[in-house]
Amino acid sequence: MSIRTILFDLDGTLIDTNELIIASFTHTLEKHTGKKYQREDILPFIGPPLYDSLHQVDPDHVEAMITTYRTHNIENHEKYVVAYPTVVETMRTLKDKGYQLGIVTTKIRDTAELGLKITGLYELFECVIGLDDVTNAKPHPEPIIKALTELDASPQHALMVGDNYHDIESGQNAGVKTAGVAWSIKGEAALADYQPDYMLKEMKDLLTILEV
């Protein structure tokens, strides 16, 4: 395969922040609405930009809810956040083999970098594109195109890896190969519906796909 650049979503792909995200949404929604949301009610909020998810709940108090969410999220990062199995060693192998590695996330960049540092991944990535770095979030192609531009890489030799349909559609819209991850909290079958080029059962599958 001629892939030389690999872009990754962060939450739910490289690092397991699902319980942190659910806890932060639960805390925020209960505080601002007085209602107790069930886990299944919160799952659809995972993936899209935070503003979009909270705007569905209460368009008039989005900014206050975002502040509450981010405060809770940052304060609890170290309590919840870990890398998924085989992620760290796979990233190190890819880095050692000369692949360009980048992050494309719907989190703001500072929070994304915090998660990377906690899990020991930060030094392995040449660029981090966060929500505050773009005008249009995934599934728009802009974040991927921005990452490729920063890395001086071409779409023809790039792969986008993610756990959500936003990641797959963004990659397809940007003209890069795509890979879904079977550990997506929304389920492998739901992600497969968007027809990624590959489906990873665990992150080290990348090494086989790339024939590293």
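The values are calculated or read from the model by the stated rules, or taken from the named source; none is laboratory data. Since we're looking at a predicted model, the values are computed, not measured. Virtual Cβ from ideal backbone geometry, glycine too; neighbours counted across all protein chains shown.
Worth a mention:
- Test: residue 137 is in contact with a His (Cβ under 8 Å, 6 or more places away or on another chain), touching a residue at least 24 places away in the same chain (Cβ under 8 Å) and among the aliphatic types (A, V, I, L, M): yes
- Test result for residue 25, modelled with pLDDT of 95 or more and out of contact with any strand residue (DSSP E or B) (no Cβ under 9 Å at 6 or more places or on another chain): yes
- Figure legend. Inter-residue proximity from the range 86-113: first residues on the phi > 0 side of the Ramachandran plot, second residues crowded, with 19+ Cβ neighbours inside 10 Å, beta-carbon distance below 6 Å, spacing 6+ or different chains. Indicated pairs: 86/203.
- Residue check, residue 31 modelled with pLDDT of 95 or more, within 30 Å of residue 211 (Cβ to Cβ) and in a helix (DSSP H, G or I): no
- Whichever residue in the range 1-49 is under 14 Å from the mean Cα position of the chain (by Cα) and without any contact (Cβ under 8 Å) to a residue 60 or more places away in the chain and, among such residues, is surrounded by the fewest Cβ atoms within 10 Å (Cβ to Cβ): 45
- Residue 105 vs. criteria more than 12 Å from the chain's Cα centre (by Cα) and among the hydroxyl-bearing types (Ser, Thr, Tyr): no
- Qualifying positions in the range 153-174 - farther than 24 Å from residue 207 by Cβ and without any contact (Cβ under 8 Å) to a residue 40 or more places away in the chain: 169, 173
- Meeting the requirement of 3 or more residues that are of a type in the set (A, V, I, L, M, F, W, C) and modelled with pLDDT of 95 or more, the strands (runs of 3 or more DSSP E) wholly within the range 96-212 are 100-104, 127-129, 158-162.
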